[in-house]
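Data first, discussion second: the structure below is written as structure tokens.
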Amino acid sequence: MNAVFEASEFLANLLARYANIEANYRKRPCTDSDQLERSIVDVYVAVLLFSAAVKAAHRRSTLGMGISHNAIGSFAYFLLERVKESFLSLAEQPLQTLKDEIRTADNEVNQWKDLIKNECK
């Protein structure tokens with residue numbers, strides 16, 4: 001569960017920052033504004049892929065949770081193991097790779113943002 005909450009916190013902070021970046025830097029009449037725009041889109045694409053991976057892991061963890069209370073027993077243990085396995089997978093390579101891609105795209109946005117800030121004074 002912590003991995004899902006951490007992923008949600010990461011995305012919430014990133015998206016809040018990007019709302020600010022878009023409000024202050026997009027559509028400036030500068031030579032490199034188009035590059036910044038493309039870089040922002042790259043971040044949003046990476047965010048969507050990351051969100052889909054988190055959602056898929058959550059879906060895997062809740063697979064079969066709609067069973068009746070009469071069936072609880074050894075099946076409940078099986079489900080708990082699946083939940084544990086799914087949430088552990090959030091901290092492993094696929095999600096971390098997507099998070100790294102977001103950070104790489106974010107760094108590129110920051111470089112273009114700094115260039116535009118200096119260019120459009």
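The values are calculated or read from the model by the stated rules, or taken from the named source; none is laboratory data. Everything quoted here is computed from the prediction, not taken from an experiment. No Cβ is skipped: glycine too gets one built from the backbone with ideal geometry, and neighbour counts run over all protein chains shown. Quick note on the areas: whole protein, heavy atoms, side chains included, nothing else; ligands and nucleic acids left out. Shrake-Rupley method; radii C 1.70, N 1.55, O 1.52, S 1.80 Å.
Residues in region 7-43 that are surrounded by 15 or more Cβ atoms within 10 Å (Cβ to Cβ) and farther than 15 Å from Asp114 by Cβ: Ala7, Phe10, Leu11, Leu14, Tyr18, Glu37, Asp42, Val43. Put simply, of Val4, Val54 the only residue that is closer than 13 Å to Leu98 by Cα and out of contact with any strand residue (DSSP E or B) (no Cβ under 6 Å at 6 or more places or on another chain) is Val54. A single entry from Leu80, Leu49, Leu36 fulfils the requirement of being part of a helix (DSSP H, G or I), modelled with pLDDT of 85 or more and closer than 27 Å to Phe5 by Cβ: Leu49. Total residues in region 83-121 satisfying the condition of being open to solvent by 70 Å² or more (accessible area, probe 1.4 Å), basic (Lys, Arg) and either touching a Leu at 6+ places or on another chain (Cβ under 7 Å) or at pLDDT below 85 (or both): the figure is 3.
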